[in-house]
1. Could you pull out the chymotrypsin sites (Phe, Trp or Tyr not before Pro) across segment 83-157 that fall in loop regions by DSSP (anything but H, G, I, E, B) with no more than 16 other Cβ atoms inside 10 Å?
2. Where in segment 78-115 is the amide nitrogen less than 18 Å from a point lying 7 Å along the Cα-to-Cβ axis of Thr31?
3. Residues with amide H under 5 Å of Leu20's amide H, sequence separation 5 or more or different chain, H placed in the peptide plane at 1.01 Å from N; which?
4. Can you list which of the GluC sites (Glu not before Pro) found in segment 14-101 are DSSP loop residues with at most 11 other C-beta atoms within 10 Å?
5. First check a/c for segment 59-113, with a ≥ b ≥ c the square roots of the eigenvalues of its C-alpha gyration tensor; if it is under 1.5, answer rounded, and if not, answer prolate when a/b is larger than b/c or oblate otherwise.
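Every read-out reported here was derived from the displayed coordinates using simple, explicitly stated rules and does not represent laboratory data. Source: prediction; values computed, not measured. Cβ sites come from the backbone with ideal geometry, for glycine too, and all protein chains shown count toward neighbours.
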Amino acid sequence: MPESHVLMGVIGRPHGVRGLVRVTSYADDLTAYGPLSDAKGRRFVLRWRGEGVAEIAEVVAGGEAKVADRTAAETLINTRLYVDRAQLPEPDDDEFYLADLIGLAAFGCDGARIGTIGAVHDYGAGASLEIEREDDQPLLVPFTRECVPLVDVVGGRVVIEPPFFADDADGCRSAAAPSPASLRSATSPAQRER
């Protein structure tokens, strides 16, 4: 998927026999962005029919081809749904779309380059940054203010201070600042947890 796309939801298992599917949404309103794309470039329109259950149609030749039965719905299981990053609102100060963090250079508090953010993981207990390093295994860092005191998306860098890097009490922690925050959905930009 191009980096300009942000994951918004995933199609799950069928619901009933008439083509309805369960959908995991990472947005407050997954239908607010118009057609969603998958990794193959197909475009889909969703219409909610219940809590987490949607009718889905593929956009084909300017029209919609509704998924009409369970067999067709089964072919869409685990289809990831994306929206173009430009369609999302700009985040507030100290908020970040997780997709915007990928590719940023990671530096230690001493200014030494550690690596590049290769992935952001969020399994429900808080996000973590996977930092790819040239001569070593990737480093997994919790995306918290304590461990990531500086995020500069425009400047293309983050400063990290994982607990095992901190040798003194002053370090980067003295730079920690704004109020505590929590992770939000893909369309509500993520903030670092305290």
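1. Numbers: sites: Phe96, Tyr97, Phe107, Tyr123, Phe143; in loops: Tyr97, Tyr123, Phe143.
Of the chymotrypsin sites (Phe, Trp or Tyr not before Pro), the ones in loops of segment 83-157 whose Cβ has at most 16 other Cβ atoms within 10 Å are Tyr123.
2. From segment 78-115, the list is 81-83.
3. Under 5 Å from the amide H of Leu20 lie the amide H atoms of His15, each far enough along the sequence or on another chain.
4. On the way: sites: Glu51, Glu55, Glu58, Glu64, Glu74, Glu95; in loops: Glu51, Glu95.
Passing both the DSSP loop test and the Cβ count: Glu51.
5. On the way: a/c = 4.19, a/b = 2.52, b/c = 1.66.
It is prolate, given that a/c is not under 1.5 and a/b is the larger ratio.
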